[in-house]
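Written below as structure tokens is the structure these notes are about.
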2 protein chains.
Amino acid sequence: MAKEITPKKENYSQWYLDIVKKAGLAENSAVRGCMVIKPYGYAIWEKIKDELDRRFKETGHQNAYFPLFIPKSFLSKEADHVEGFAKECAVVTHHRLMNNPNGSGVVVDPEAKLEEELIVRPTSETIIWNTYRDWIKSYRDLPLLINQWANVVRWEMRTRPFLRTAEFLWQEGHTAHSTSKEAMEEAKTIHDVYADFAESIMAMPVIKGAKSESERFAGALETYTIEAMMQDGKALQAGTSHFLGQNFAKAFEVKFLNENNKEEYVWATSWGVSTRLIGALIMTHSDDDGLVLPPKLAPIQVVIVPIPKPNETLLEVAGKIASSLRNKGISVKIDTDRKKRPGFKFAEYEMMGVPVRLGLGMRDIENNVIEVARRDTKEKASIPMDNIENYVENLLIEIQENLLQKAKTFREERTSFVDTFDEFKEVLENKGGFIYAHWDGTAETEDKIKELTKATIRCIPNDAKEENGVDMLSGKPSKRRVLFAKAY
Amino acid sequence: MAKEITPKKENYSQWYLDIVKKAGLAENSAVRGCMVIKPYGYAIWEKIKDELDRRFKETGHQNAYFPLFIPKSFLSKEADHVEGFAKECAVVTHHRLMNNPNGSGVVVDPEAKLEEELIVRPTSETIIWNTYRDWIKSYRDLPLLINQWANVVRWEMRTRPFLRTAEFLWQEGHTAHSTSKEAMEEAKTIHDVYADFAESIMAMPVIKGAKSESERFAGALETYTIEAMMQDGKALQAGTSHFLGQNFAKAFEVKFLNENNKEEYVWATSWGVSTRLIGALIMTHSDDDGLVLPPKLAPIQVVIVPIPKPNETLLEVAGKIASSLRNKGISVKIDTDRKKRPGFKFAEYEMMGVPVRLGLGMRDIENNVIEVARRDTKEKASIPMDNIENYVENLLIEIQENLLQKAKTFREERTSFVDTFDEFKEVLENKGGFIYAHWDGTAETEDKIKELTKATIRCIPNDAKEENGVDMLSGKPSKRRVLFAKAY
């Protein structure tokens with residue numbers, strides 16, 4: 001199995017597609033740009049969802065569900081928003097099919113044309129703020145802290161599974177507040193939730209920062225982002241949290257009576273992460289043998305493989321080990337297949353990124369040991385069977401930490417600080433990765449750099465030090481370095 | 001609050017809408033026929049989902065996700081299916097909007113017409129079986145036991161929140177098997193899962209049976225249903241599980257090599273329940289004071305109300321009670337509002353259907369008691385504070401059982417056995433409810449009865465006794481009684 005993967009060094013892009021396919025995560029469907037998320041890929045998404053959902057609820061949010069369709073006119077209500085989203089989208093124009101009068105099959109019934117076209121949501125700010133108008137009357141109705149798990153559609157021309165698909169799954173939070181300050185705090189709280197999730201659950205280090213004006217969400221006054229480095233040195237925007245000011249409240253006339261009985265427009269945030277995170281996960285940890293998963297997101301954390309094949313004794317011992325592990329909340333699979341060879345199975349579980357593999361033979365039982373193999377380092381060790389559950393529990397923690405540490409080291413090694421544009425181009429071309437450089441703060445320079453190098457400002461990092469410098473291209477003064485990279 | 005509800009006896013249909021609105025479950029949206037599921041309604045759906053999802057996984061199913069869109073031509077591939085589903089649906093014809101050249105707003109870009117129209121899924125058999133063709137090659141790939149949680153769209157003309165909406169949320173299972181027998185067993189297994197869920201979690205008794213041919217799912221050879229009686233005596237189809245034979249395998253050319261290396265078409269099932277269950281829940285238990293929820297689906301199982309308003313002592317005692325309850329896995333809310341009066345709060349929690357309310361005043365603390373009010377019977381009692389968590393835990397179990405028992409008794413009282421068509425019409429008109437009567441097994445008689453009375457055959461019950469009789473309309477022989485009712 002494993003040998004069918006294109007090596008990363010040969011072709012990173014093909015390697016990615018091979019992993020998606022061979023690990024059984026997703027595949028293209030009959031509908032252009034829409035993927036089928038296969039059971040193993042979906043199981044990872046369920047783990048991502050559960051972890052995030054718990055964090056959203058712990059920070060006071062509730063889930064709700066808003067319509068899939070948005071009346072076309074809603075999209076034009078917020079001027080920037082329509083520019084950003086109304087262009088490539090799925091438009092519903094009719095509500096009925098009829099038998100083809102000229103032959104077989106069905107055709108659109110021309111009588112069933114909608115008065116106003118409906119757009120399949122590319123994001124839900126407009127329909128949600130149109131709803132909030134009825135929900136918010138007084139400061140007592142605020143804050144309103146709502147999230148929805150949903151599918152959205154953006155008609156992308158070039159698609160790649162998880163990274164960019166016409167339909168994708170995501171969560172979108174939409175909150176309403178009585179003050180600018182509170183809305184800004186909310187946007188930052190979620191920014192923190194996303195960063196913590198990325199690091200502690202995905203084992204994916206991220207740079208937290210604000211987007212430059214031209215990279216902001218359509219309709220936002222401020223966009224906070226978490227940016228991760230993929231193994232090819234490119235950046236991936238893994239989650240964004242937007243401070244929307246009063247833009248949507250004004251577009252949809254959402255006002256509230258404040259404590260002094262005066263009418264004010266409501267302040268807003270929105271924020272989201274999507275199935276794109278699975279793409280990020282793959283490109284942070286995986287290798288030429290397949291997927292590598294952090295234990296906290298692995299649908300199967302431990303697999304027990306009886307060697308050379310299952311027999312009654314091996315299955316009995318495996319069963320005991322499995323229940324001692326399950327008692328600790330660890331998910332375990334016992335491989336009961338009698339046909340495939342151990343080597344084939346090992347390759348298969350490596351492909352799937354199962355963090356820990358336990359190999360159990362009759363000789364092991366005699367010696368009261370078991371062979372423990374880690375997916376991350378490929379190390380194997382013969383470990384005493386007694387208290388194996390404690391050993392494995394600690395090993396899973398160690399693997400989770402090791403993956404984060406490894407990704408951090410990788411990122412540090414590919415992070416540069418440059419002062420001149422020549423140096424910038426040279427690093428981009430030869431080393432790649434993240435580049436910290438001075439920027440004069442203008443969209444003009446930002447555009448020029450993008451045009452000349454394809455690198456973009458990923459963010460103005462939260463932890464950027466005050467440091468006087470000059471823009472590497474314009475020579476104008478700058479107060480801090482920003483993060484540049486080529487990006488997905 | 002409560003007084004704003006229309007009494008059931010006055011207008012059951014308006015009573016239902018009032019409950020949906022006043023309990024904060026859902027509301028109509030700006031998009032015709034699409035509802036907004038509000039946080040409290042969605043929290044109930046999450047509980048339904050969790051319970052069902054666990055049962056699906058325990059019976060060996062995995063979740064996956066298939067595209068929202070279905071190419072128009074797919075719908076015509078299975079002859080019966082297209083008749084049933086291709087008619088009223090949302091049709092995507094374009095993939096781009098553009099600025100209106102004649103003024104403001106956006107219009108559909110005529111250049112962006114799709115080559116083939118896409119249908120927003122009304123159900124996913126077609127796209128899924130088109131996918132299964134690549135997944136199934138050999139008997140070793142079977143069974144394939146997959147479920148998806150998704151939104152679907154059917155362009156209904158007359159909608160009612162939860163009961164019938166253009167967009168709704170549901171799960172749809174789609175399984176593939178190597179033998180007819182195994183597929184039939186799967187359809188029955190899920191039928192059992194649905195019935196058990198309805199009774200043990202929703203406290204909603206159901207009649208299990210098979211649909212008559214004309215009431216079957218479009219494309220099915222057999223449809224199993226669970227039918228519940230609502231408080232107005234009408235039936236509600238709460239879940240269906242279909243044995244699809246080889247219809248979809250043949251339509252999408254899905255074959256496998258059997259153990260003898262011979263090619264065969266695959267056998268299929270599909271099954272689903274939807275947000276309609278929330279409508280069923282409301283119409284099974286609720287009363288003129290609002291929603292009544294079985295404890296197993298209540299987002300808040302216990303509310304503690306300090307009387308007349310919170311003070312430090314009351315909140316301290318309430319906090320201790322709350323944690324002793326939470327330790328038992330019971331969800332508790334402490335009402336900390338200082339402005340509303342207790343009477344108002346009581347009405348509010350009754351409206352929301354919180355199963356148990358604990359009223360706590362300073363006098364109670366002195367006497368070491370607490371006032372316990374049940375939502376189902378409206379009984380109140382002063383209970384010793386010691387071990388109150390055990391008392392409440394048992395009370396929740398008792399309420400769950402009582403609701404099921406009450407609904408069973410209600411159904412039995414409104415179930416009739418009739419032998420003549422005059423009697424049938426008389427019972428339908430005056431008593432309503434479920435009617436067991438003989439039927440000759442023909443679609444012709446079934447249609448005539450429906451035309452004359454609006455009653456339909458809800459199912460041929462699993463437990464129908466062999467009993468010779470004659471059809472009440474045609475006089476032809478019949479071997480068993482079937483279940484008739486007017487239905488939602």
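Numerical summary
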| quantity | calculated |
| --- | --- |
| Residue mean of other protein chain beta carbons inside 10 Å, B:72-81 | 2 |
| Per-residue Cβ neighbour rank within 10 angstrom, fewest leading, A:Asp287, A:Asp141 | A:Asp141, A:Asp287 |
| Positive-end residue, region A:415-485 charge dipole about Cα centroid, Cβ charges, pick of A:Val418, A:Val470, A:Thr456 | A:Thr456 |
| Folded to 0 to 90 degrees: helix A:12-22 orientation relative to chain A principal axis, Cα | 70 |
| Overall dimensions of region A:415-485 as given by Cα atoms, namely Rg and Dmax in Å | 10.8, 29 |
| Three principal axis lengths of the protein assembly as shown [C-alpha, angstrom, descending] | 95, 81, 72 |
| Square roots of 5 times each gyration tensor eigenvalue, C-alpha, region B:275-321, largest first, Å | 31, 12, 7 |
| Charge dipole (debye, nearest 20) of region B:121-231; +1 at Cβ of Lys and Arg, -1 at Cβ of Asp and Glu | 300 |
| 20 Å Cα-Cα threshold exceeded, pairs from B:Lys234/B:Lys454; A:Lys188/A:Lys208; B:Lys425/B:Lys479; A:Lys408/A:Lys431 | B:Lys425/B:Lys479 |
| Peptide-level mean, for A:148-154, of C-beta atoms on other protein chains within 10 Å | 3 |
| Debye log10 I(q)/I(0) at q = 0.16, 0.21 Å⁻¹ for region B:178-297, Cα point scatterers | -0.78, -1.09 |
| Partner lysines for A:Lys262 [C-alpha distance under 26 Å; skip if fewer than 8 residues away on the same chain] | A:Lys77, A:Lys137, A:Lys181, A:Lys250, B:Lys339, B:Lys340 |
| Cβ-placed point charges (K, R +1; D, E -1), dipole of region B:1-107 about Cα centre in debye, nearest 20 | 220 |
| Expected 222 nm ellipticity per residue - DSSP helices of 4 or more, -39500 (n - 2.57), all of chain A, to 500 | -10500 deg cm²/dmol |
| Rg(Cα)/(2.2 N^0.38 Å) for region B:348-469, N = residue count | 1.72 |
| Too-long pairs where the Cα-Cα distance tops 29 Å, listed order kept, from A:Lys22/A:Lys296; A:Lys87/A:Lys476; B:Lys47/B:Lys255 | A:Lys87/A:Lys476; B:Lys47/B:Lys255 |
| Region B:88-135 versus region A:139-176: alpha-carbon centroid distance in Å | 19 |
| Residue order, fewest to most beta carbons within 10 Å, for B:Val108, B:Val82 | B:Val108, B:Val82 |
| Average projected area [Cα convex hull, region A:68-177], square nanometres | 9.7 |
| Rg in Å to one decimal, and Dmax rounded to a whole Å, for region A:2-285 via C-alpha atoms | 20.7, 70 |
| 7 Å along Cα→Cβ, label-point gaps from A:Ser200 to other copies, nm, shortest first | 3.5 |
| Between 0 and 90°, nearest 10: helix A:443-453 axis offset from chain A longest Cα axis | 40 |
| Number of partner chain Cβ atoms within 10 Å, mean per residue of A:104-116 | 3 |
| Neighbour-count ranking [beta-carbon atoms within 10 angstrom, fewest first] of B:Cys34, B:Cys89 | B:Cys34, B:Cys89 |
| Region A:265-405: radius of gyration over Cα atoms, expressed as a fraction of 2.2 N^0.38 Å | 1.22 |
| Cβ-placed point charges (K, R +1; D, E -1), dipole of the protein assembly as shown about Cα centre in debye, nearest 20 | 80 |
| Fraction in percent of alpha-carbon pairs per bin - 10 Å, chain B | 4, 17, 24, 23, 17, 10, 4, 1, 0 |
| Most to least packed among B:423-430, B:246-253 [average Cβ atoms within 10 Å] | B:246-253, B:423-430 |
| Cα-based Rg / Dmax (Å) for region A:1-77 | 18.5, 53 |
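Every number in this text was worked out from the coordinates using simple rules, so none of it is lab data. Being a predicted model, the structure only gives us computed values, none of them experimental. Glycine gets a Cβ as well: all are built from the backbone with ideal geometry, and neighbour counts include every protein chain shown.
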